[in-house]
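The values are calculated or read from the model by the stated rules, or taken from the named source; none is laboratory data. The model shown is predicted, which means the values in this text are computed figures rather than measured ones. Quick reminder, even Gly has a Cβ in these numbers, built from the backbone with ideal geometry, and neighbours come from all protein chains shown. When the accessible area is computed, the model is the full protein with side chains, heavy atoms only, and any ligands, DNA or RNA have been set aside. Shrake-Rupley method; radii C 1.70, N 1.55, O 1.52, S 1.80 Å.
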Amino acid sequence: MADCQPASVFPGPGFWAEPFFLDGLALPWVLAPFAVLLLAAWLWPYGALRLGLWALTHSLFWVRVRGRQHVPRHGPVLFVSNPVNYLAWLLVLSAQPRRVRFVLVGGWTTRWGVHRLLRWAGAIRADGAEGLAGLERALQQAGEALARGEVVCLAAEGWRTRDGHEVPFHRAFEQIVARQPVPVVPVNVAQPWGALFFLAEGHLRRKRPQELPSPAEVSFGPALVPGTSAGDSRQALQELSAEAAIARAPRRRPVHRQFVRTAARRPFRPCFIDSSAPGRELDYAKAYVGAVCLAGHLRSMLGDSPMVAVWLPPGIGGALANISLALLGKTSVNLNYTAGPEAIRSALQQCACRHVITAKRFTARLALDPGPGVELIYLEDLLPRVTRGQKLRALLSVVLLPGWFLEHVVLGLGRHKVTDLATVIFSSGSTGDPKGVMLSHGNVAANVESMIQATCLRATDRALGVLPFFHSFGYTVALWAPLQVAASAVYHPDPRQAKEIGELCKTHRCTVYLSTATFLRFCLRKCDADDFRSLRILMCGAEKLPPALALDFQTKFGVLPLEGYGCTELAPAAAANMPDQELDGLAQVANRIGTVGPPLPGCAARVVDPESGAPRPIGEDGLLLIHGANVMVGYLGKPELTSQVVRDGWYVTGDMARLDADGFVTLTGRLSRFAKIGGEMVPLEKIEEELHEVLSTSERVCVVTCVPDEARGERLIVLYVAIALTQHGREVRPWCKELSGRGLPNLWVPSERDFFAVPELPLLGSGKVNLKGIKEIALTLALPRRSS
């Protein structure tokens with residue numbers, strides 16, 4: 001570079017002032033290099049494309065490549081990748097030396113000159129206007145290319161034409177390799193801040209990059225032997241994605257450090273909106289000022305306490321308290337204010353918390369008695385201590401200084417690592433005693449990264465946050481995820497107040513809403529039809545989403561709820577359905593009602609035999625395991641229990657499930673929600689579904705549990721809400737008798753005498769049914785009658 005003289009390549013300022021266009025020698029010398037480049041592009045278009053890729057990956061993208069040695073130098077190879085659309089296919093092409101024939105689907109391939117790039121690259125395109133015939137022809141061309149010894153790349157996704165014909169991944173895979181078995185190489189493309197182009201309302205949109213150059217990673221897995229099935233290839237791709245996410249851990253930035261950078265980059269974008277304080281809205285600059293000033297006053301009060309409890313609902317106060325604790329390097333413990341006093345004191349003792357941050361307005365509604373030795377710190381007492389000078393200094397710093405300087409020099413956050421403990425969240429205890437789940441900054445950041453990639457979360461989004469921060473979904477996705485991309489969070493303290501939530505969503509035009517099936521039922525009864533029209537993603541977790549409920553919600557509000565899956569130990573999201581993306585007649589299939597979707601980017605799912613731990617074939621039921629950078633550190637103070645559920649980096653969920661060849665996960669029940677009757681495993685959730693189908697209702701009317709039985713080991717018990725049954729015009733006898741006629745095995749049909757009416761079904765604060773409470777009620781009602 002030292003030998004390069006800019007003046008010898010580019011003319012100086014005086015040159016442009018001279019009438020060089022009159023000089024017969026100057027003009028040809030200026031145009032000659034451009035003419036040579038155009039000629040080279042015409043004669044060697046692929047070489048020109050490779051040159052353009054070099055420029056792209058050294059300017060717009062910062063690409064890391066893992067496993068390049070796994071790409072065979074010669075012969076036919078089938079790359080199986082996660083969806084490679086828009087610019088992502090160029091990253092695969094640039095990451096290895098061989099020419100790749102991409103199978104690309106959708107009208108976007110004809111736009112913005114992309115069709116010229118695809119022609120130069122030799123891509124195989126299927127246009128939506130051609131429908132199923134175009135898809136079939138593209139797959140046939142891909143098979144022919146493999147037969148000639150070329151490299152073909154197929155995305156592990158399904159497609160659906162406008163007339164309803166669907167080509168799932170496994171069918172496309174089988175058609176391509178039908179001519180001859182070829183080695184299969186899994187390829188994972190990861191863009192931690194999401195793609196720079198995305199689909200919105202059927203149109204291709206550009207997204208402002210979060211960072212430039214935008215980080216990206218291309219990982220190649222070991223080649224699978226010829227003849228590997230579509231399901232096994234998809235499984236290998238998932239595991240490659242999880243391993244790549246784990247390998248990125250040292251380069252991942254803790255979420256509170258990213259918040260500082262986001263605030264400096266976009267200080268005047270809306271950050272928090274709190275419904276409990278009308279007119280109270282903070283932009284990113286004010287949120288930064290509030291968090292920094294609060295942290296400054298808490299520092300001396302908290303001393304060396306490593307863990308600090310928070311007793312606050314979702315809102316600006318709770319958000320700033322959690323951010324401030326992270327800035328101080330403390331571990332936050334958001335207490336479950338719907339739990340009993342004993343559970344609260346147990347959590348405080350397990351975490352050795354000496355302080356609880358709360359607000360007088362909130363303790364007036366929900367009193368807290370933390371026990372001896374625990375100090376309550378009220379936000380109202382801290383606010384008057386913050387001076388105007390402190391606010392002004394913090395405001396000027398976030399507006400005038402770059403984010404990296406704020407992060408490392410002003411706040412000294414460089415010492416905060418992803419391995420540090422971010423939070424302890426106590427599990428809901430729906431099936432047993434609550435356990436303290438330790439989540440590191442790396443766990444939370446990895447899960448946020450997965451959600452950003454899956455949902456394409458962006459600055460224009462507004463997330464409706466009603467789940468409490470003691471709920472892992474509320475903590476990770478409703479609190480930290482929006483702060484990473486300069487999106488807004490709209491908070492409401494009570495997820496049961498459906499009417500207020502609907503009005504809030506409509507007023508602020510929220511685009512993302514996280515909820516549960518129980519809370520959606522409230523919305524169906526109390527909200528207006530246009531309250532949720534602005535949503536682009538409505539994600540449900542924590543409990544099973546009945547298909548009938550999802551369709552009822554779509555019919556009334558025009559928005560289809562999507563079912564996802566996760567648990568506190570996974571920080572929490574592991575799999576999710578996403579909206580099908582349609583462009584010019586072809587849809588990418590990302591949602592299958594009745595499943596919880598495929599694993600999120602950076603996660604892998606495996607189904608094994610519950611007793612032996614041996615992997616189960618694709619399509620067979622077994623125990624669900626999850627792998628990825630989001631797997632918890634462990635249970636607080638319970639290393640033995642941790643070792644039982646985390647095995648070689650895989651978390652044993654306790655849920656029974658099956659994987660299909662397209663990667664979608666279908667839950668078939670919880671291992672603890674099976675009754676063992678006469679030596680046979682009987683799924684309680686399946687019986688519940690059948691009982692609700694008899695009533696043709698999406699309302700939760702009953703719950704099935706089991707109690708000990710001397711003769712057959714266990715017996716089924718049904719607890720039902722009597723008034724709900726009456727509202728459907730049914731009586732117990734015909735309702736339970738009809739269950740026998742639905743083709744269920746006799747062991748799966750509860751006896752009429754084992755149906756018990758209850759005033760209501762006990763729920764947890766997260767909206768899930770309290771299965772532990774259900775079991776206690778069943779034992780109380782059923783066993784005395786049995787003994788008599």
For region 741-767, give me each residue that is buried (at least 19 other Cβ atoms within 10 Å of the Cβ), within 20 Å of GLU690 (Cα to Cα) and under 36 Å from the mean Cα position of the chain (by Cα). TRP748, LEU761
Let me confirm something: among ARG354, ARG365, which residue is over 29 Å from LYS417 (Cα atoms) and more than 29 Å from the chain's Cα centre (by Cα)? ARG365
So LEU744 ticks every box in (1) part of a strand (DSSP E or B); (2) at pLDDT below 85 but one. Which box is left unticked? (1)
So for region 276-294 (the condition being open to solvent by less than 10 Å² (accessible area, probe 1.4 Å), of a type in the set (Val, Ile, Thr), in contact (Cβ under 8 Å) with a residue 40 or more places away in the chain and within 20 Å of SER397 (Cα to Cα)), does at least one residue qualify? no
Take region 457-471 and flag every residue that is of a type in the set (Gly, Ala, Ser) and in contact with a Cys (Cβ under 8 Å, 6 or more places away or on another chain). ALA463
Looking at region 598-699, what strands (runs of 3 or more DSSP E) fall wholly within it and have at least 1 residues that are open to solvent by 30 Å² or more (accessible area, probe 1.4 Å)? 603-608, 650-659, 665-670, 674-677, 680-683
Looking at (1) open to solvent by less than 70 Å² (accessible area, probe 1.4 Å); (2) out of contact with any Gly (no Cβ under 9 Å at 6 or more places or on another chain); (3) part of a helix (DSSP H, G or I), which one does VAL409 not meet, given that it meets all the others? (1)
In region 360-374, what count of residues is obtained for those that are in a loop (DSSP other than H, G, I, E, B) and surrounded by 21 or more Cβ atoms within 10 Å (Cβ to Cβ)? 1
On the basis of being touching a strand residue (DSSP E or B) at 6+ places or on another chain (Cβ under 9 Å) and open to solvent by 40 Å² or more (accessible area, probe 1.4 Å), does GLU239 make the cut? yes
Name the single residue that is nearest to VAL749 (Cα to Cα) among those in region 709-729 being part of a strand (DSSP E or B) and aliphatic (A, V, I, L, M). LEU716
Is region 640-661 home to any residue that is farther than 30 Å from SER740 by Cβ, aliphatic (A, V, I, L, M) and in contact with a helix residue (DSSP H, G or I) (Cβ under 6 Å, 6 or more places away or on another chain)? yes
Single residue of GLU731, GLU776 found to be exposed (fewer than 15 other Cβ atoms within 10 Å of the Cβ), without any contact (Cβ under 8 Å) to a residue 60 or more places away in the chain and within 24 Å of MET681 (Cβ to Cβ): GLU776
Give the residue that is most open to solvent (accessible area, probe 1.4 Å), with candidates limited to residues of region 463-480 that are farther than 17 Å from ALA517 by Cα and part of a loop (DSSP other than H, G, I, E, B). PHE470
So, ARG160, is that one part of a helix (DSSP H, G or I), of a type in the set (D, E, K, R) and at pLDDT below 85 or not? no
Regarding region 481-493, can at least one residue be identified that is crowded, with 24+ Cβ neighbours inside 10 Å and under 18 Å from LEU600 (Cβ atoms)? yes
Got a number for residues in region 129-154 being at pLDDT below 85 and open to solvent by less than 10 Å² (accessible area, probe 1.4 Å)? 3
What residue, of PRO314, PRO270, is open to solvent by 20 Å² or more (accessible area, probe 1.4 Å) and under 19 Å from ALA478 (Cα atoms)? PRO270
In this structure, does GLY713 turn out to be surrounded by 13 or more Cβ atoms within 10 Å (Cβ to Cβ) and either among the hydroxyl-bearing types (Ser, Thr, Tyr) or farther than 19 Å from VAL682 by Cβ (or both)? no
Given (1) exposed (fewer than 13 other Cβ atoms within 10 Å of the Cβ); (2) in a loop (DSSP other than H, G, I, E, B), where does TYR337 come up short, assuming only one miss? (1)
